[in-house]
1. Put a dot 7 Å past each Cα toward the Cβ at residue 68 and residue 186; how far apart are the dots in nm?
2. Could you calculate the contour length gain from residue 76 to residue 136, that is, 0.36 nm times the residue separation minus the distance between their Cα atoms, to one decimal place in nm?
3. Pulled fully out, how much extra length does the chain show between residue 98 and residue 15, if you take 0.36 nm times their separation in residues and subtract their Cα-Cα distance?
4. Based on the Cβ-Cβ distance from residue 126 to residue 167, what FRET efficiency comes out when R0 is 35 Å, to the nearest 0.05?
């Protein structure tokens, strides 16, 4: 994320906020590769027949929800990507809920808070939903911690990216991630997230 790559996105977001619908196509073209990279980092390779989301589906659904949010005012790149992480969380949780509603037994691959950094999230398991519910509780207690988890676990951002987007030091992000992850592991309680 260079300074030069930030300016066009910020300008496009401002144009879109002023009602310029042509800016939407340009914004999509500018952000699609980065959203795809983030989505790929969150999901197992390309989705599976067990109900896991495909990377492309997650990106498209995220972008559609972002565009459909009429009252949303995204001022700059930082706001966009923070909201994109929140939207990806919503899409993944909705997919996990649908998968759980249709499930007839287990055997799905299980991704833990510990392994999510390397493996991504499998929407075809119940962990994203459990993390979502625990994260909702954490947000009422420590919103800064919840924001980092949302961006890292659901959004797939690295500590460097989160630090840059939130204008924090990488060390602060790492501390918040460690503290939030410890809290979530306790909140999830049964040890399945300790992986």
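1. Here the answer is 3.8 nm between the modelled labels.
2. That pair, residue 76 and residue 136, stretches by 19.1 nm at full extension.
3. Extra length available between residue 98 and residue 15 comes to 26.3 nm.
4. My answer for the efficiency is 0.50.
Here, each number is a calculation from the coordinates, and none is a lab measurement. These numbers were taken from a predicted model, which means no experiment stands behind them. FYI the Cβ positions are ideal-geometry reconstructions off the backbone, even for glycines, and counts take in every protein chain you see.
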